[in-house]
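Peer 1: Provided herewith is a single structure, encoded as structure tokens, for subsequent inquiry.
The values are calculated or read from the model by the stated rules, or taken from the named source; none is laboratory data. Source: prediction; values computed, not measured. Heads up, the Cβs are rebuilt from the backbone with ideal geometry, glycines too, and the neighbour counts pull from every protein chain shown. SASA here: full protein model, heavy atoms, side chains in, ligands and nucleic acids out. Shrake-Rupley method; radii C 1.70, N 1.55, O 1.52, S 1.80 Å.
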Amino acid sequence: MSGFIRSRAGKAIGGIAAVGISALFLAGCTGTGGGGDASEPADQPREELNLTIGTALPQTGNLAFLGPPEEAGVAYAVSQINEVSDTTGLTLEVVYGDSGDTDNKAYETEIPRLLGEDVSAIIGAASSGTSLQFIDQVVGAGVIQFSPANTSDQFTTYDDNGLYFRTAPSDVLQGEVLGNLIAEDGAQTLGMIVLNDSYGTGLAKYVTESFEAAGGEVVAAPTYNTGDTTFDAQISEVLAADPDAIALITFEEVKTILPSLFGQFPADKLYFVDGNLANFGDEFPAGSLTGAKGTLPGLSIDSISDFTSALDEFVASEGIEPLTEYSYAAESFDATILLALAALAANSTDPADIAAKLIEVSGGEGDGEKCTTYAECAEIIVGGGVADYDGVSGPITFDEVGDPTEASIGIYQFGEDNNYSAYEG
């Protein structure tokens, strides 16, 4: 094992599988994602822009552990945007809300509340299945929905009126990387326990395709539903199939599933995904997860340590509870920065105008000046140029349907302390 997994769609770098979305994945996809004209001429008067966005991120539900890093990423971006509002003319206000999950359905009251605040965009949800519950309501109201963590392939071809964007890559990519990782680790048979929603079944499909293409066989893949609290039947079915490896394609339910696997299945043959990769620490006895691996879309936590250190300082300065996870913090930060840059480029807070500039400011039109901070990009736009923002989470570069055209999938391994770090194998 060389320390990374290669993908057919791209090259591998360090402990990360870096993948580009090829024509194979996009063939036949349709959409009306925003494109835009050139930036406003420098001599055109600029408006004083008061942009309001909402967040529908998981404060409760089976992805609640992702809420703190995602909301912190948004808040940190807002601080940088408003720090230079005197020179850009744009100020940003955020109305925070809870997406919940498909069991507690917090979104049923939160989305109408957010829309009632006259927001131009809503950042969220984290869960693909949850986003699918309210995307029609959001885009039907003419508001942008921008997720930092949705990975279901359903969004690539969704009829979203050009108002849906995401900074996370499709599960096509994570599934390919995880399936290859399990095969390269020597497993010939694979069992899976799968969340029965668009995220879980979609990711399981691509893991299966990749693993079987490498010569393996999936011998069991029982599903469960959001809100389920017992998983004995699924665990028994997978263990009875005697697989070489088990992939847990779940959300926070993994905490209930794992104790029944300890002692019955070797930890170093367990595989996690972005929906459940967490630092479990002393929630389980020391050494319970030693050697287990997992995948997480985005650059490795180690490679963005400057960002996470700055985020920690910001969180401390704001009196926010210290973060224990950083998953999708960078993607949330970048989503917020991109929305503000698109509003600047459009010289408008109208959602349709912003959406029409999101591809441009991400570099999707290929004619912008590279920049890596909000202040730097905003200066280009205010000066009459075209900015191409390369974010903390990666280059981003939206295609015509609002998907990032390249991505990195980090590979991680658990140590004796039940916490994960970049895989160095």
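Peer 1: With respect to L190, determine if the residue is more than 28 Å from L132 (Cα to Cα) and either at pLDDT below 95 or within 21 Å of the chain's Cα centre (by Cα) (or both).
Peer 2: Against the criterion (more than 28 Å from L132 (Cα to Cα) and either at pLDDT below 95 or within 21 Å of the chain's Cα centre (by Cα) (or both)), L190 does not qualify.
Peer 1: Does the range 116-128 contain any residue that is open to solvent by 40 Å² or more (accessible area, probe 1.4 Å) and in contact (Cβ under 8 Å) with a residue 12 or more places away in the chain?
Peer 2: yes
Peer 1: Determine which member of the set V386, V361, V392 is within 24 Å of the chain's Cα centre (by Cα) and closer than 18 Å to T88 by Cα.
Peer 2: V361
Peer 1: Is it the case that N82 is open to solvent by 40 Å² or more (accessible area, probe 1.4 Å), closer than 16 Å to I337 by Cβ, of a type outside the set (V, I, T) and modelled with pLDDT of 95 or more?
Peer 2: yes
Peer 1: When you go through (1) part of a loop (DSSP other than H, G, I, E, B); (2) open to solvent by 10 Å² or more (accessible area, probe 1.4 Å) one by one for T87, which number turns out not to apply?
Peer 2: (1)
Peer 1: Only one of these is in contact with a Phe, Trp or Tyr (Cβ under 8 Å, 6 or more places away or on another chain), assigned to a helix (DSSP H, G or I) and crowded, with 20+ Cβ neighbours inside 10 Å: I359, I354. Name it.
Peer 2: Only one candidate qualifies: I359.
Peer 1: Being outside any loop (DSSP other than H, G, I, E, B), open to solvent by 10 Å² or more (accessible area, probe 1.4 Å) and touching a residue at least 24 places away in the same chain (Cβ under 8 Å) is the filter here, so list the residues in the range 140-167 that pass it.
Peer 2: Scanning the range 140-167 gives D153, Q154, T156, T157.
Peer 1: Consider the range 392-421. How many of its residues are open to solvent by 20 Å² or more (accessible area, probe 1.4 Å), within 19 Å of A286 (Cα to Cα) and assigned to a strand (DSSP E or B)?
Peer 2: Total satisfying the criteria: 3.
Peer 1: Related question: What number of residues in the range 366-391 are in a strand (DSSP E or B) and either in contact (Cβ under 8 Å) with a residue 40 or more places away in the chain or open to solvent by less than 40 Å² (accessible area, probe 1.4 Å) (or both)?
Peer 2: Matching residues across the range 366-391 total 5.
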